[in-house]
Every structure is written in C-alpha cells, then in structure tokens.
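Just below is one structure, and these are the notes that go with it.
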Amino acid sequence: MSVKISLCMIAKNESDFIGNCLKSTLSYVNQIIVVDTGSSDQTPEIARKLGAEVYTYTWNNDFSAARNHSLEKATGDWILFMDCDEEIDPDLGHHLLEAVQSKDCDAYYLNVKNLLGMDHEITFQSIRLFRNLPQFRFKGKIHEQVSDAIFTHSGPGRIGRLNVTLLHHGYNPERVNISSKIIRNVGLLEEDLQDRSCLDGFYLYNVGIEYIRQGQYQKALENFIEALKVTNPNSGYAPPLVNKLLVCLIELGRYRDALDQLAYFQSLYPDYHDLFLLQAACHIQCGRFSLAADSIEKAVKTPHRNPRYPVEGKIFNQSPEQLQKQIEPYLLQKAKNFQLSVCILAKNQEKHIARCLRSVGEIADKILLIVTECSDNTLNIAYQMGANLYRLNRSDSFAQLRNFALKNACGDWILFLNGDEEINSADIAALVEGLNNSTFIGYKIRQRTFYAAANEGNYRDQAVCRLIRNEQGLCYKSRLIEDIDLSIAEKHGDTALSYLPVTVFHYGFHLKSEPEEQVFRRNIYLLSKDSRDQDKNPLPRQEMGLQLYNRGKYKAALVQFQAAHKLYGTNIPADLFCGMIKCLVKLKKYDEVVLLSKTAVDLYPDYTDLLYYQGFSCLNLGLLHAAKECFEKCLQLGSAPWEKYAACSGVGSFLPHCRLAELYLQQGNIDESLLHYCSAAQITGGADMAIPPMTDIFLSKFHPGRLLEYLQDHKLDTIRNICTAAMAANKKNCLLESLALWERAMEKLITTRNYEQYHNIAAAMFQILSDIYTEANQHNSGDTQLQSIREFFSQQDNI
Amino acid sequence: MKWLKQPLISLCMIVKNEESNILRCLDSVKDYVDEILVLDTGSGDRTPVLAQEQGACVFFGRWENNFAKARNEIKQQARGEWIFYLDADEELPPETGRSLRQLAQQTKAEALQFSIVNYTSSSDTQKCRGLNIRMFKNNPNYYFEGALHEQIAPSILRVNPSAAIVCSGLEILHYGYSFDHPRRIQKNQRNITILESMLAENPKDDFTHYNLGVSLYVGGQLENAKRHFQLAKQYANKKSHYLPALYRNFTACLVDLGEYEEALKLAQEGLSHFPDYPDLYYLQGQIYSITNLFELALERFKQCLKYNKLNPNYISMDGVQSFLAYEQLADIYMHQQKWEDALQHQLKAVQNGTASYTSFLRLGLLAKQHFNNSSDAIDFLDCHLPKLRPEERIKLLFDMGEHHLALQKTEMLPQPLPYEIYIIALKSAIYLKNWQRAKMFLSQTSPLDKEIPTLAAICHVLDKDAVKDHCETDQLDQLLAKSIYQKDIPSEEHPFAPLFLDFAFQLIGFDDFEAVNYFETVINPLDLPLLYSQLGQRAFLRKNYNLAERLFALSLACQKKGIHYRWFGLMNVYTGDKLEGIRLIRHSCNLENDSQNYIFLLTAVSDFFQHCLRHLVVNCPHIPKVHQHLLGLAGFKKKLIGKEEIDCQ
C-alpha cells in the first residue's frame, strides 16, 4: 500500500504565489488542503483549479488555530506543511517520497532557503514533513511551530534531516511588500506576548527578527537578550540568535559590548565562521583595520561549515573578500616601533567623535578622552569605540586638561586632537615613518579648518604643535592657546621642534555643536585672564584679535592686534601683520592696507596672503597697475608654506585669478578676463567663486548659449558648475537662460549616470523657485496667496 | 396585517421634514415589514401625513440634538421580534426587501449588518459602500448610544460578548450624501454642531473626532478635518471597526490638501494593517498619477484590480477595484500616448460597470485617436456599445466631432425628436454650415426654449439669410447689441452680460474667424481684449486649451498687458512649449509686479521642473530624493493654482 502525503497550507490573498507553489508539489502529494482565511482576490479559484480542497475559515488573528484547522482536514499518512510563498526545489523533491517510506522517523527537517533578493539568501532548517498524528499540532500565533509537539511526543531521535529545499520568496523585496507584512507580524507578536503563555526563546527570537527587519535594533536587542536568558546554547536556533544579537549591538554602535560578548561566544562556538566576521566588523567601525584583517583571516581559515549554523557568509552585505579589499588601503605598510597615546578633548560632540576616533584607531595604542562637562552621547560613543574616559572637574583652563593628559598618557609619543577633528588617513604612513626614527621632541603638523561643508576647496591652514614626545617637564601654560611648543623650545631649544607633513582636518567652523556665541565668550574670557596674568605676552592679545575677527568684530579685533603689535616691539610675526591687514580690508581702509602691507611684504616676501590683500586694496583704490603686479606675484608664489604661515586656500591661485579677471573686465579686456575666470574655475574650490561672474559676462556681452560651449571647451562643464551658472543667471533676471542651463545639467546627470550629483540639481531648482518667490514678495508684501505657499520654501532648507 | 402572533419585523424611523424622501423610502419597504413606527421630531411639512398614508404609526417627540435618544424612544414602541431601522433618505432595493423576512426567520445571528450604498454625486457611478448594523433582536437591554452616528453594537456585546453580528450581504441605498442633495450642506452643518458638542463633553473620543473629521472634510474645511483625523488616529484603538475608513478618508483629505508625501505614507501604513483594501491602493495610484510617477501609479491601480471581491468591512468607492481603476489606467496610458492600451482599458471600464456617458465619450474619443479614422472608430463603438440608445449614440457622435453622422442619424429617428436631439441636430447643422437644415430645425422649435435664442442669434451672425423667416433680423441685431453689457451691476472687471458671454463662447466655438469679425463690429474696441481674455478663461476651465490659446493670442494682439502675456504664456505651458510660456509669463512680471503674474510664473516654472524630474525618473528610477521632490512640487503647484495637474496632452 502506498504511503500518502497531504499538503496542508493556509492562504489569504496569495494569488501571486499560490499557483507556483501548488504546481511545485503536484508530483509528490496526494491531497492538497488550502484553508482560506478571507481572501478577496483569486486565491481560492486558483487553488481549486489545481485540485486543492479549499476550506474557508474565519480569521481570528491566530496562525496556529488556522493551521491546525488545515491539519484536521488531512487524510494522508504524512503531512507536508508549506506557505504559499514557498516552492519545492524540483531537483530535490524526490527525496520526499523516499523519506515517507521510513519507519525510523516521525518527522523531518527540511531546508528553507529564504531568498532575500540580489542573490542574497539565508537557509534555515524547519520541520515541515511529519506523520499525520492528532498530537502533532501547531502552537504560537505567528512563527507557529509544530516542533514542540513533535519533540514532546516523539523525542529528538525520531526527527530526521532531509535533503529537500523549499524556496521561500516571502522576504524577497523584489516580489513582496515586506514592510506591510512586518508591521502586521509585529502587531500579532506583541498581542501574543501579553498573554505570556507561549513565551519561549525561539518565539522571542522571532520577535527580535521582525524588529530587525523594521530597523528597530534596540527593541530587537531587548527581545534577543530575553531570549538568550531562556535558551539552551545547544538548541538549534541558539547560534543564529547570538549572531543577530551581535548584529544589533553593532548596529547600535555598541562595539565594545559586542566584542565582550564575542569573546564569550567564540569559546562556545569556536567554529562559527560568521562570528569572526562580526568581530572584524566591530574593529572596522573603530578604525582598527589590522585587527579586523586578523579576524577576517580567521574567518576565511574556518571553512568547515557546521550545519548548526545558518549559512549567511556575508556580514552587512559584504563577503570576507570584499571586506578585505575595503580595508586594505588603511593597513599600515610599515610596522611602527613606538607606542602612541592619543589625547582627545571633547564636549558634546556626538556627531563628530566617531569620525575622530576612527581616524586614529589603527595607530593609537591608547586613547584618552578628556571632558569636563558633556551632556550628549559623546561619552558612550567613545567608550564603545575603545577610548579611556577621564572626566575632570570644571576648569577655566584648557592647559590644565592638556597637562592632565600629558601626565596620564603612556607610550613614547602623544598626539593631541579635538573631537571635531580627524587625521587625514592618507598621512598615517608619513606619521609612522616620521616617528619611527625621530630625534625630535615635538612636531608641528598642519591643521586644515574648513569653512563650508559644501566646498572642500575653501579652508585655512596653520601649523600646530600636536605630536609630543612623552617626556617629563613639558607643559601647557595658556588657558586657551596650544603653546606646548614654547615649553619644548624653552627646555630643549628651538632645534627640538620640527614639522611633519601630516594634516588634521578640522570641521569646527560649519558644524556647530555648541552655540557659537557661547564658545566665543568663553574664549575671550580665558584669553583676557591669560593676558592679565602675563601682561608682557603678546600672544593672548593676538589670539583675542583672531577670535574677534572670526566673530565679525573687526574694529575690536584691530585694537587687540595693535596692542599685541606694541608688545612685540620690533620682531612682529607675519600672522599678526596678516591679521591687522585683514581687519583693515574689512573696514575698507585700503590706504592703510597698502602702507602696512608694504612693510610686511618686505619682511615676509613669501607670505602670499599679504600680497593678495595688498593687491585687493590697490584694486579697490583704482591702482590697477599695482594691483595687477601683486596678483601676478601671488600666482607665481602659490600658497604660502604652511610651516611658516597661517594661510588661506586660494590666495595663491583662484582668488588672484578672479581679481585679475575683474581688473581686466574694468579695462574692457573681456577675453583676458574670461581667461582668468576660467583658470580660477579650474582650480579646486575656485569654481563657485568664478562661475557666477563668468555667467554674468556671457549674459551681458555674448549670446548666453555660448557660456555652455565655453565651459565645455575648458572642461568646466561639471553638473555643479552648470547649476551654479543657472542660479547666477536667474539672479541676473535671465530666467530662460537659467532654466536652459539647469536642463543641461539634468541631461548631463542622466547621460553620465553620476547620480550623486543630483543634490546640486535639486538645490539649484529650489534656489531658482525661491528667488522668484522672494522677488514676488518684494513687490507684493503681505499678499495672502503668496504667504500661503511660504511653507514650501521653509521645508527645503535641508537640501 | 395580522396581529395574531408577535410581528416579525418592526421598522423604526425618526424623521423631520422629509416630505421629498419619505414616500420613496416607505414605498420600498412597506411590503416587507410587519409594522412601521415613525417618530417625527418636529416636521414643518407634510412628512407625518405622508407616513400615515403609507400605513405607519406616527409618534411625535421633541428633537434634542441626540440621535440615540430619539431612536431608543421609537424602539420602545416596537413589538416585533426584530428591529429594523432606516433613514428617510434611504431606500431598499427590491432584492433586499424580498430577502428580509426569510433572513429574519432563519438566521441565528443577534444582529445583522447591511451594506449601505451611498450615492456621492449626481452621476450614478459614484457610489461608496460601508457596513452598518440595521437589524437586531428586539431586546430591551439593547439600546443606541452616541448623539450622532449612534451605535447599537456596544450594548449588544455587553449583554452577550459572543453575540453573533453577521453580515447579511444585502444592500440599502442612501441618498443623503449626494453632493446635489438640497439639504446636504445644512445637514452637514447640523452634524458638525452635534459632534462639536459631543467632543466638548468627551474630548478624547476617537470615533467622534473621526466623524467630525469626515463632516468637516465633506464641508470643505480640509485643515480642520486633518486635525480631527489626526486626533482620531492618535486616540483610536487598534481594533476599532472604523479604522479602515479612517485611513481612507484621512488619506483622501491629505491628497486634497496637496500633502502628497504624508498621504502616501499614511496609505502605506493603512495597507500594512489592511493589505487588501483597494481604496488605499487607489489613492496611492492617484497620488503617483498626479505627481507624474506613472510606473508606480500603474502598479497601484493594477493592484486594485486584484481584490475583486470586496471585504465587507471596508468602506469603499464602488468601482475602485474595477471600472474606476480601469479608467485611471486608461488615463495613464493616454498620458504616455499608448493609445491601444488606453483604448483597451477604457473598454474594460465600460464593460465592467461604468454606465456613464462620460465613459462612453472617452471610449469614443480614444477609439478615434487610436484608429486615426472615424469610420473604424464608429465601427468599434457599434461593436462594443451595442446597447446604447439612439439618442445617446447621436450625442456621442456629436461630441466626438462627427457632426455629419450625427445629423444623418437624427433623420432616422421617429418624429418628433426630443428637445435635446433637436439642439444637437441644430448645432451639427451650424457646424456644417448647412443653413437650410438649421433653418428647418429652428422653425420646428419654440423660440422661447432656453437655448434657442442664442442659437438663432448665432445662425444670424454666421449667415444673415438663415433666420429670415424665423425672426426679424433687425430685432435680433438689436437684441444682441442690447444684451452685450451688464445692466444691473456694471463693473469694470465684468462688464459683459453672462448671457452674452454664453453666446460669444458658443459662437467662437462654431467659427472663430466669423466670430472675431462680428465682435470687431459690435464691441467697443477697448473692451475686446477683456472679452477675449474672459472667453479664453472659460475655454481654459473647460480644458479646451487650443481654443483658449487662440483667444489669449487675440487678447494679446489687441493689448500688450501683463494679464494677457501671463495667460497666453500659461497656454503655451499647457500646450507644450513650456519655455516659451515661461518667457511670456516672465515678461508679464517685468511689465507689472502683480502677485498673480508671479503665481503664474511659479506655476509654470514648477511645471517645467516637474516635467524634467519626470524625465529623470524614467531614465533612473532609483534616486529616492527625486520622488520626494516630485511629490513636493506637485503639492506646491496644487497650493498655487488649486489644481493638481496641468494636462499636457
């Protein structure tokens, strides 16, 4: 007598899937039971057409009850249980028929291969084939399982493993609207949790999985932790539970916690390949690339795949090989033969601190994070990324904090950073190289401060002493200024100081983590205390001038600079000249600039900034010939050497080009003018400045259509530049030309497929609309219809 | 009626001033119930008398702004085994009536739900369906609760938590929500008052917030409606029976506000709870269609078609899972100029239930577009619309521009022709400049019929001889000359008489060349640009963009003013030359800094951007921000001109 198999399933609105599902089973099963829980589509008709017995069942939010209803209807000897979005892999289906002949087993695990789209898949094992016995029934409202009942009644010895694969499409975003499915599932799960009757580990694990799918890692983690408490580490779902718990920790930025947990679980599951990859992920997030590389290597060397572990093989969508490739450029080329402590001063920098820490992860042997007050998440982030935290009492001197760091640092060298800075990763090799055979006591490195997030070519460079040999007797004195170089020079002589070609990026200006006004007041307060204590020291005055200048208080800044000037007496430093000159320029006292800059340039002939301001003042005074001479010299010199002078970007390149272009335009020499604008635009950071006046020239002097040709001929037709030109054209009331340019930018976006550039297009689009709107309001202030659309423009701020 | 044993079904109604409805209602139900009890809460008309004539026992009571109270009052009088209740503006379809007794005798249920079919507009196609308990066992412990949108279910479930409340599958027709219902606005205002007082007592009642939201939405107070929907959603229980309706109506409200991004999200959230609710897919489809995301719109409308058996728990617009979705699909294919697909889908819409004339006309026009010749199109229509009445067929031919055929077909109809057909025949004759026939039709109608004087005047203008016999020429000339300007309230902005504008608009439709000649002779030249502009705006509102463009071109030719530049510019935007249109409107802003000029400019420029972004989406559908920006631009445009979409075809 042949053994009969009944296929049992429940269905609701599955017309997309059920046909393929049933067809895949037809050659193996003798009866098909479909319990329809309220379809409003063609599901029952399709099922009937394929020979199924269809029963309607009133849905009461309980998957188990519905499923058990289908089991009641089955008359076969065995039950194959499937979901509508599954299919039997046709190559392996015949094993089903062999399995049901066996007398040794009451149930079988089948492989369920979850197809997740983009070739991504996870395979689990699940009991789907079992004898049709009344005691084998489902339990749990969702992720219902029959295995409990089978374990209880038959014991694990009578459950076999079968090489049959069910292909599951239900989590393939290419085929299913997943988010809707998840919300429904979580709703059911929460409801179920309330009655607590079926609270078991596997169940909590599934709740967590649903939360992960929704991106709610905190909630997922809570469920995994609960699940872990009641889970036997040997049970089938324990390894994937551990895996997902670690994924949550990593997603939540809790790298240190994850590593602690990993240390324990790796002892439990030493051959669990994916755990090494998770370890690598933690290290990568913290910038510790060599450690990550070690972990990946271990993962690769653990090829044996224990069937207990879910086969994922990828971590955050990347294979070990991809990870390896990704971190390769960051690995140290040469071993370092010194120990490095990194000291970071930070306050409320949760947005930046991770970037800062990551930039030194590879080279730091110890990281000290020093704060006095901190009210945001900075400390947590830093702790999780491996920093040692030091919280000091409120102090009105940064010197105190920095000296504390000097005392507590260990190793051979100390690197100082602020929370809103990072080391340029390309310079790490130079740093190691420099320190490996160093005979110096301290190094100045280049601090590059950016002014605007959108334009990386706009910055100011200066040399700061940040690398210090860990020696007794060195200390900071000023409450604000980083003056350790003075201490080094005092103790070891000027020759103990040198320069390293290492750049620190500083994002302080445009990423405001503290109210600017507050920082400014504090700095002025500290400096005034400094200058009271050391009334012969010009440095605090000079620094105060700088702070005032940056706040736009040029008159007051000039007063401070002049006071510093007096204190210096004869040996006036170049930076002080530059500060005074910049104040005078802002105050439009061009005569005085010309006078002062002549003296300064004689003393510091290679300080380009001075020459530039001289030229700028001449231009404004109408001394075109002198101006031209200055600007041409600026171009010859290029940027001033950062080791000697604080220098702004562009003064040796695009700024003088733009000014020369203005100058030629004044003289009516349009060709020459354009040539200079063009040169300016070709230099990084210069385009934003040069393109608008260039556009003006084309709009007023030529056919506007030629602008684009010109940009193309000079390889300036980037999407960003065309958008800049479009905005400039609209500002000149040339709307049509503006739109034509914008349209070209759009075409270019489509043809080049350079979709990251879309934000420029969007920004130009909203700028054009917003300019029209502003103009409309100027002429019709208070018009109600115009007011009613204001909201649209306020929403676009974040573009 | 026999009173030997307990009557089976007692119909209970409360009424006030329903003389226009009560007969239709009682007539449809009186044969199927055993007693009719009516509580009149203060009618000033013949309602109680009419009810009595139909065999109802009429009681009188005071109206205390509380529906539950009134319903419980009349319920107490009922002796039947079952209570059945209706409103006066409802009607039983015969199938429902015939099944009523059998259902009452056989069911094991404690209460029965009926499907209420609400007619929302004058055309029969717009129907909205919802489920409501209308029949329940007569038990003194069951009583209505809630001053408005009173409910019986809570008390039934309190008495017996496992009481069976079953869907009867039967329909009740409800006319009260029709937009053209005379007392709709008044009733709605009354409801708002009641709901507001209910909220004053119980400010966190989610169902009241929901109902107030609906009433405000129907009354056009969108911002207020949104606020109350929001509160309803905030307070609502996850299992509330009206939750699907809340998602649907809240989304529709956001769509009307132009807040497309939020509307999409809300609908999506709704779908996560009710994944087979076609109305939510439909609303999403509409949003995507408005924002030019046609591929996504197609997908949503196709999804609607899947759920062809409507879940009775959902309030649903009739047709969203069939003919309405098909029409939307046809619309999108039209936009994409896929005429074959558009035609096929419009045909499916017609075959799947829509019986409205507009649908037929759309089918006809699409057929004409697709076949590119009239005779094939007409064959197609004959083949697929075999049941069309001859009058409808003639109207269809006329509206398709087949004047010759329309005229021909009228001759085959038996005399006398219906008035409407006369007018069509007459207009066809005018189009064809067949003055002899025109004269004949004119002579067969009474000159007092409403459209005749205008048409006669048009004949007169286009052909002096045509009306000789019908009316004195001089008289007509005088009449026309006199009627041009407003007499009662002359205003600078609207100097023309409405009747004259009607006449002028029709005239220019028949023959613009002659019309312009005529206007130049009778109108003060200073007024001409304004006339053309007003006629142009009328053509614009009727979506006759080509005519509008011609008229605005005329107004601009007469007078170089901002208003003419801006309208002519906007027409250019509509008819395809977007940049030229923007140039013209920009010029209008340069001439005059009027805010309207700028509104037009912003509209045109956003339209241009929308168009380009749409192009980008076609080439690269995967930049997420673009969708967001398209939604934003569409909402912005809607706020600018109160109109969703510039029809580019």
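Within the same chain, lysines fewer than 8 places from B:Lys395 are excluded, and of the rest, those with a Cα less than 20 Å from its Cα are B:Lys368, B:Lys387, B:Lys409, B:Lys427, B:Lys433, B:Lys450, B:Lys543. Angle of helix A:574-586 to the longest C-alpha principal axis of chain A, folded into 0 to 90 degrees and rounded to 10: 90°.
Across chain B, Cα pairs under 8 Å and at least six residues apart give a relative contact order of 7 percent. The charge dipole of region B:528-636, taken about its Cα centre with unit charges on the Cβ of Lys, Arg, Asp and Glu (plus for the first two, minus for the last two), comes to roughly 140 debye. The long axis of helix A:735-752 is offset from the longest Cα principal axis of chain A by roughly 50 degrees. Toward the positive end of the charge dipole of region B:9-176, with +1 on the Cβ of Lys and Arg and -1 on the Cβ of Asp and Glu, the farthest Cα among B:Cys25, B:Ile74, B:Leu157 is that of B:Leu157. About its Cα centre, the protein assembly as shown has a charge dipole of approximately 2660 debye under the convention of +1 per Lys or Arg Cβ and -1 per Asp or Glu Cβ, with nothing else charged. Set the bar at 28 Å for Cα to Cα. Now go through B:Lys69/B:Lys204; A:Lys73/B:Lys108; B:Lys238/B:Lys348; B:Lys238/B:Lys638 and name every pair that lies beyond it. Listed pairs above 28 Å: B:Lys238/B:Lys348; B:Lys238/B:Lys638. Across the options A:Asn388, B:Phe552, A:Leu22, the greatest Cα extent toward the positive end of the charge dipole of the protein assembly as shown (unit charges at beta carbon of Lys, Arg, Asp, Glu) belongs to A:Asn388. Computed about the Cα centre, the dipole magnitude for region A:5-172 is approximately 520 debye when only Lys and Arg (+1) and Asp and Glu (-1) carry charge, each at its Cβ.
To the nearest 10 degrees, how steeply does helix A:289-300 sit against the main Cα axis of chain A, on a 0 to 90 scale? The helix A:289-300 is inclined about 20 degrees to chain A. If you sort the three axes of the alpha carbon gyration tensor as a ≥ b ≥ c, you get a/c of 1.5 or more for region B:322-387 and a/b no higher than b/c, which makes it oblate. Here region A:471-502 and region B:343-399 have alpha carbon centers that stand 91 Å from each other. Under 5 Å between amide hydrogens, built in the peptide plane, is the criterion, and for A:Gln31 it picks out A:Ile5, A:Leu7 among residues at least 5 positions away or on other chains. Excluding same-chain neighbours fewer than eight residues apart, the aspartates and glutamates reachable from A:Lys334 by a Cα-Cα span under 15 Å are A:Glu362, A:Asp427, A:Glu433.
Got the relative contact order for region A:692-799 handy, in percent, Cα pairs under 8 Å and 6 or more residues apart?
Details: 84 pairs, mean separation 24.3, N = 108.
Computed over region A:692-799, the figure is 23 percent.
When the Cα convex hull of region A:696-799 is projected onto planes of every orientation, the mean area is 7.3 nm². For the pair region A:48-95 and region A:547-623, the centres of their Cα atoms are 85 angstrom apart. If you sort the three axes of the alpha carbon gyration tensor as a ≥ b ≥ c, you get a/c of 1.5 or more for region B:176-304 and a/b above b/c, which makes it prolate. Coupling constants for region B:625-634 follow from the phi torsions by the Karplus curve (6.51 cos²θ - 1.76 cosθ + 1.60, θ = phi - 60°), and in residue order they are 4, 4, 4, 4, 5, 4, 4, x, 5, 4 Hz; glycine and proline get x. Rounded, prolate or oblate: which fits the protein assembly as shown when a ≥ b ≥ c are the square roots of the eigenvalues of the alpha-carbon gyration tensor, with rounded for a/c under 1.5 and prolate only if a/b beats b/c? Verdict is oblate for the protein assembly as shown.
Counting other Cβ atoms within 10 Å, which trypsin sites (Lys or Arg not before Pro) in region A:573-615 have at most 14 and lie in a DSSP loop?
Sites meeting the loop and neighbour criteria: A:Lys588.
Here A:Lys444 is the anchor, and the lysines within straight C-alpha reach of less than 20 Å, apart from those fewer than 8 places off in the same chain, are A:Lys336, A:Lys477, A:Lys491, A:Lys644. Normalised by the number of residues in region B:562-649, the mean separation of alpha-carbon contacts (under 8 Å, six or more apart) gives a relative contact order of 27 percent.
Along the axis of the charge dipole computed for chain A (Cβ charges of +1 for Lys and Arg, -1 for Asp and Glu, origin at the Cα centre), the listed residues A:Val464, A:Tyr217, A:Ala489 are led at the positive end by A:Ala489.
Here is the P(r) of region A:340-514: all C-alpha pair distances, binned every 5 Å from 0, give 1, 8, 17, 22, 23, 17, 9, 3, 0 in whole percents.
Each of B:Trp567, B:Trp339 was scored by other Cβ atoms within 10 Å of its Cβ. Arranged with the fewest first, they read B:Trp339, B:Trp567.
Here, each number is a calculation from the coordinates, and none is a lab measurement. Quantities reported herein were computed from a predicted structural model and do not represent experimental measurements. Here the Cβ is made from the backbone with ideal geometry for all residues, glycine too, and neighbour counts use every protein chain on show.
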